[in-house]
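Working notes for the structure below.
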Amino acid sequence: MIEKRQFYINGQWVDPAEPNDFHVIDPSTEEPCAVISLGGKADTDAAVAAAKAALPGWMATPPEERIALVEKLLEIYATRAEDMAQATSMEMGAPIDMARQQQVPSGSYHLKNFIRAAKNFQFDKPLGDHAPNDRIIYEAVGVAALITPWNWPQNQITLKVGAAAVAGCTMVLKPSEQSPLNAMIFAECVHEAGFPPGVFNLVNGDGAGVGTQLSGHPDVDMVSFTGSTRAGTAISKNAADTLKKVHLELGGKGANLIFADADEKAVKRGVMHMMNNTGQSCNAPSRMMVEASIYDQAVEAAKEAAEKVAVGSAHDEGRHIGPVVNELQWNKIQGLIEKGIEEGARLVAGGPGRPEGFNKGYYVRPTVFADVTNDMTIAREEIFGPVLSIMKFETEEEAVEVANDTVYGLTNYVQTGDPARANRLARKLRSGMVEMNGQSRAAGSPFGGMKQSGNGREGGVYGIEDFLEVKAVSGWTPE
């Protein structure tokens with residue numbers, strides 16, 4: 001049993017003010033794999049005080065020096081990649097090869113992109129040729145609370161820490177209590193890189209405790225949160241009393257519009273994307289919307305693809321999906337699969353219960369529903385598991401109307417061989433991101449949504465800007 005009860009505050013590992021043990025569960029086995037401590041108000045206050053004390057010095061540090069420290073962090077991060085992969089696999093159920101190839105590398109990817117973006121960023125620039133004595137200064141927001149989820153832990157930690165660090169913010173990270181071990185390894189990397197004490201702090205805790213304490217704390221200037229829409233709403237309300245800046249990256253219910261002229265791999269690609277990370281991605285293409293003329297063959301292709309998805313322990317090497325993160329999520333997903341059957345969707349692959357051969361572990365059968373209509377629960381709610389809903393449409397206008405008829409607006413997907421239609425749909429779909437014909441967004445592209453998928457953007461220059469205030473200065477004398 002791994003014991004990691006300490007927090008990282010003001011440049012050192014410290015014991016919690018009061019012990020409050022929490023068992024981290026390995027979802028592959030349902031057995032405890034580690035013990036951490038959940039923080040209390042005294043721990044949160046100590047971390048915020050350290051960040052507040054470090055803020056003036058860190059803000060005044062030249063951007064080149066802040067960037068150099070992030071470069072050093074990136075170097076050290078690479079040396080701890082296997083440790084992080086093992087921790088991530090054990091605590092949240094990502095298969096070990098997937099943890100090595102996707103989970104951990106996402107962190108280095110974002111740090112590299114922030115370094116490049118920051119080197120080209122003008123933290124201080126003229127307003128314009130018309131106003132030679134006016135200056136625009138980009139200044140750190142201040143003390144930032146970073147609250148990250150369990151599903152893509154290194155992805156989310158680096159998207160927040162990398163941006164905050166180069167922007168000049170000091171920070172308190174509260175990783176998910178479901179997957180805290182990789183975050184503590186990350187804190188060790190920050191320490192080894194030589195960040196000044198107080199610039200980065202880590203306190204473990206749950207949302208009701210440390211999360212609430214941070215989002216309402218008078219000395220926290222900004223909250224950057226990734227997680228459920230329900231929790232994002234609670235954070236917004238709690239933060240309102242202090243009028244702090246709130247950045248939210250929340251849930252999604254991505255529509256994947258597949259037209260008759262899409263390439264032959266479009267359906268399989270959509271299924272594999274949905275099943276990746278066991279469906280636990282906010283940008284998953286969970287609503288596959290297919291043009292009527294190819295609907296039947298698309299359903300058959302989706303069934304075939306889903307039935308080939310292997311399920312196995314996160315500790316085993318190979319290409320398979322692992323368990324979902326915990327019992328709560330497993331029960332929720334099972335309930336929604338049952339609801340799909342009850343409301344009349346046609347089950348074409350998977351279904352309720354564990355896959356064959358498993359009687360323990362939070363494993364879910366890769367599931368595909370066809371003949372889903374937009375009023376069904378599985379078409380409306382974010383399932384956050386390996387469950388795909390297939391819907392039929394007759395016209396492009398109908399497809400857009402149904403795709404947009406959701407409270408979410410994170411990512412939508414378009415598969416068509418008609419470039420004009422693709423571009424037209426990119427403008428019409430109400431989401432922060434649109435990915436077309438299987439092409440991923442490029443390095444530094446902004447990640448984020450609209451409507452109940454949140455606000456703000458992460459990644460590259462857009463992510464850095466979210467941690468900055470804009471200061472307008474008149475009467476500036478050029479030096």
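With a cut-off of 8 Å between alpha carbons and a minimum separation of six or more residues, what is the relative contact order of the chain in percent?
19
Using Cβ counts within 10 Å as a stand-in for footprinting exposure, how do VAL400, VAL48 rank, fewest first?
VAL400, VAL48
Estimate the FRET efficiency between HIS315 and ASN374 by the formula 1/(1 + (r/R0)^6), using the beta-carbon distance for r and 30 Å for R0, to the nearest 0.05. Don't skip to the end; give the middle numbers.
Numbers: r = 40 Å, r/R0 = 1.33.
Once the sixth-power term is evaluated, E becomes 0.15.
Residue by residue, what Karplus-based ³J(HN,Hα) values in Hz, rounded to whole numbers, does region 277-282 have, using 6.51, -1.76 and 1.60 with θ = phi - 60° and x for Gly and Pro?
With the stated coefficients, region 277-282 comes to 6, 6, x, 9, 9, 5 Hz.
Could you tell me the center-to-center distance, by alpha carbons, between region 45-91 and region 365-380 in angstrom?
42
Please report the net charge: other residues with Cβ closer than 12 Å to the Cβ of PRO175, K and R +1, D and E -1.
Here the charged neighbours net out to 0.
Tilt of helix 295-307 relative to the longest C-alpha principal axis of the chain, in degrees (0 to 90, nearest 10)?
Orientation of helix 295-307: about 70 degrees from the principal axis.
From the residues PHE259, THR377, SER313, which one has its Cα farthest along the dipole of region 255-430 in the positive direction, the dipole being from +1 and -1 charges on Cβ of Lys/Arg and Asp/Glu about the Cα centre?
About the Cα centre, the residue reaching furthest to the positive side is SER313.
Find out how many positive minus negative residues lie around ASP83, taking Lys and Arg as positive, Asp and Glu as negative, among other residues whose Cβ is under 14 Å from that of ASP83.
Net charge around ASP83: -1.
For the chain, find the longest principal axis of its Cα atoms and tell me its angle to the long axis of helix 63-79, 0 to 90°, nearest 10.
Rounded to the nearest ten degrees, it is 50.
Mind pulling the angle between the C-alpha long axis of helix 181-193 and the longest principal axis of the chain? Nearest 10 degrees, somewhere in 0 to 90.
With rounding to tens, the tilt is 30 degrees.
Report relative contact order for region 255-430 in percent, whole number only (criteria: Cα-Cα under 8 Å, sequence separation at least 6).
That works out to 30 percent.
What residues qualify as long-range amide H neighbours of MET289, i.e. H under 5 Å apart, gap of 5 or more or another chain, H built at 1.01 Å from N?
Hits under the 5 Å cutoff: ASN256, LEU257, ILE258, MET391.
Rule-based calculations on the coordinates, nothing more; no lab input. Being a predicted model, the structure only gives us computed values, none of them experimental. Positions of Cβ are backbone-derived with ideal geometry, glycine not excepted, and every protein chain shown enters the neighbour counts.
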